[in-house]
Amino acid sequence: MPVEFLGIAATNDGSETTARSGVAFDKEYTLRLARAHEDHGWDRVLFAYGSGSPDPAPAAAYIASRLDQLQILLAHQPNVSYPTFAAKTFATLDRISDGRLTVHFITGGNDHEQGREGDTLTKDERYARTREYIRIVKKIWTTHEPFDHEGEHYRFHDFVSDVFPVQQPRPGVSFGGSSEAAYEAGGAEADIYCLWGEPLAKTAEQIERVKAAAKAAGRTDVPRIQVAFRPIVAPTEELAWEKAQRTVGAIRKRREAGLVRHHRSDAPQNTGSQRLIAIAEAGERYDRALWTPTAAATGGAGNSNALVGTPETVAQALLDYYDLGVDILSARGYDLLGDAIDFGRHVIPIVREEVARRDAERDAKRAAAGRDRAGEAHSLAAVNG
């Protein structure tokens, strides 16, 4: 199966290790970073969402109008706009990008962060709202006649959009989470299910949970699986681990100095972050290259487990996840621009070449098996004849 790479479409050069050098939305840097991804083999970039961050939709439109190939993953929280409005925004952006949009729906795992924008629903209520929201958006994208909706969270009458996506029947829907409610919602509605980087065994367990949820929802297909990491890559193993120690030291220093905004509660409320902390407490190193101190240093904040090593080591680690059924690999370094270029130059080609080799080998085996079956059938027919 083909493999895809997702990077980050940050709107400034700040990260967990470095303060930003300019304004929150630096459009020159945003374009430079996106172009670096497009020029170095990445398939798409994520425009993330935060309560006080620049609005990702116009930022994505800005990039889509200036680049021709790079695909867009737009994060969106249902609490910030009505689904009728959002569906038109997404369809317009799909038009601007000539059909390069996927929408990542975020339910929200922290009550304090949700409350910053007036969202007072409980976690379970938020998941129910997200499922209803996604279904409405899908229907608006694909319905050309006015319709009414009477749901638990949304009610409207006689609505029809006059703008439709380029992609048919609709753009893709991305979703993530590690709780039971997340599996149920994403298993039912997502085209892509997103996970944070965990050890291989735990990732395999989560993939099976997603498949089971999709089956329980009556689907005959399953979502594609995406897994996210923070690569720390250097020419030698020794240099990579030295870089890893410098990185986690910088993260800790900034947090201790109060330079990183975070939620009031020390203990994360979302299951995904709780899982990352538990994994970090159980050990620092897993499998071929997974390293957890970066996640521990951030309190399990978001995509934070690292893959450490040479380009070859990190590429082979990613291929281990590919072998589990992961076909979208998300990677974001700490030097956003430099790491995007280095990863694109040195890691992505190794993974793509090996995936192509494995796929060709698999196809050859299937063809040989088909010929063997045909030969057996021919022989049997000859005997019976």
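The values are calculated or read from the model by the stated rules, or taken from the named source; none is laboratory data. Note that the coordinates shown come from a computational prediction; the quantities given were computed from them, not determined experimentally. As a convention, Cβ positions derive from the backbone with ideal geometry for all residues, glycine included, and neighbour counts pool all protein chains shown. Surface accessibility is based on the protein's heavy atoms, side chains included, excluding ligands, DNA and RNA. Shrake-Rupley method; radii C 1.70, N 1.55, O 1.52, S 1.80 Å.
Of all residues being at pLDDT below 95 and either on the phi > 0 side of the Ramachandran plot or among the acidic types (Asp, Glu) (or both) in segment 95-117, which is least open to solvent (accessible area, probe 1.4 Å)? Just the residue, please.
Gly108
How many residues are more than 13 Å from Ile232 (Cβ to Cβ) and acidic (Asp, Glu) if we restrict to segment 298-343?
4
Given (1) over 18 Å from Ala306 (Cβ atoms); (2) modelled with pLDDT of 95 or more, where does Arg366 come up short, assuming only one miss?
Among (1) over 18 Å from Ala306 (Cβ atoms); (2) modelled with pLDDT of 95 or more, Arg366 violates only (2).
For segment 1-48, give me the residue count where each residue is within 18 Å of the chain's Cα centre (by Cα), of a type in the set (Asp, Glu) and closer than 23 Å to Gly299 by Cα.
Of the residues in segment 1-48, 0 are within 18 Å of the chain's Cα centre (by Cα), of a type in the set (Asp, Glu) and closer than 23 Å to Gly299 by Cα.
Taking into account only those residues within segment 263-289 that are open to solvent by 60 Å² or more (accessible area, probe 1.4 Å), assigned to a loop (DSSP other than H, G, I, E, B) and modelled with pLDDT of 90 or more, which is nearest to Glu198 (Cα to Cα)?
The extreme case among them is Asp287.
When only residues in segment 25-73 that are among the acidic types (Asp, Glu) and within 15 Å of Leu101 (Cβ to Cβ) count, which is most open to solvent (accessible area, probe 1.4 Å)?
My answer is Asp68.
Pull out all pairs, ordered by first then second residue, where Cβ-Cβ is under 6 Å, the residues are six or more apart or on different chains, the first lies in segment 68-91 and is under 23 Å from Glu4 (Cα atoms), and the second is among the acidic types (Asp, Glu) and assigned to a helix (DSSP H, G or I).
Gln69/Glu38; Leu70/Glu38
Regarding segment 324-344, can at least one residue be identified that is within 30 Å of Glu28 (Cβ to Cβ), charged (D, E, K, R) and surrounded by fewer than 20 Cβ atoms within 10 Å (Cβ to Cβ)?
The answer is yes; a qualifying residue exists.
Which is touching a Gly at 6+ places or on another chain (Cβ under 9 Å), part of a helix (DSSP H, G or I) and either of a type in the set (A, V, I, L, M, F, W, C) or over 21 Å from Gly302 (Cα atoms) (or both), of Asp372, Asp342?
On inspection, the qualifying residue turns out to be Asp342.
Scan segment 290-339 for residues that are of a type outside the set (D, E, K, R) and either over 24 Å from Ile251 (Cβ atoms) or part of a strand (DSSP E or B) (or both) and report the count.
17
State which residue pairs qualify: first residue closer than 17 Å to Tyr286 by Cα and inside segment 191-215, second residue among the hydroxyl-bearing types (Ser, Thr, Tyr) in any location, beta carbons under 6 Å apart, and separation of 6 or more residues or different chains.
If the second residue must be among the hydroxyl-bearing types (Ser, Thr, Tyr), the pairs left are Pro199/Tyr286.
Per-residue answers, yes or no, for (1) among the β-branched types (Val, Ile, Thr); (2) more than 24 Å from the chain's Cα centre (by Cα):
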| position | (1), (2) |
| --- | --- |
| Glu117 | no, no |
| Arg131 | no, no |
| Lys138 | no, no |
| Thr142 | yes, yes |
| Glu150 | no, yes |
| Val163 | yes, yes |
| Gln168 | no, no |
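Run Thr92 past the list (1) more than 24 Å from Gly344 (Cα to Cα); (2) surrounded by 18 or more Cβ atoms within 10 Å (Cβ to Cβ) and report the number of the one that doesn't hold.
(2)
Please work out if Ile277 is over 19 Å from Arg20 (Cα atoms) and in contact with a Pro (Cβ under 9 Å, 6 or more places away or on another chain).
Answer is yes for this residue.
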